[in-house]
Amino acid sequence: WTAHSAEDGQTYYFNAVTGESSWELPPGASVPSGGAADFLGGWSAHTTDDGQIYYYNAETDESTWDPP
């Protein structure tokens, strides 16, 4: 699970493995302080203006709709 900020500033949580998201921190999940949305290998999660999540790899300049 990773923490993300919605456009209105609310924090939501996203599981890149299952594609699930939640407004509440799921049981057993731990998120680093600061709500890092970074993944291994240079990937990070981002939200479009219409609320869709996409993934960007700063090391390779790739982007995808599918979780890395």
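Values in this text are rule-based calculations from the coordinates and carry no lab data. As the structure is a computational prediction, the values presented were derived from the model and not from experiment. Note that each Cβ is placed from the backbone with ideal geometry, even for glycine, and that neighbours are counted across all protein chains shown.
Key figures
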item: Under Karplus coefficients 6.51, -1.76 and 1.60, residue-wise ³J(HN,Hα) of the stretch 12-24 in Hz, glycine/proline x; result: 10, 10, 10, 9, 5, 6, 9, x, 6, 9, 8, 7, 10
item: Positive minus negative residues near Thr47 (Lys, Arg vs Asp, Glu; Cβ under 13 Å); result: -4
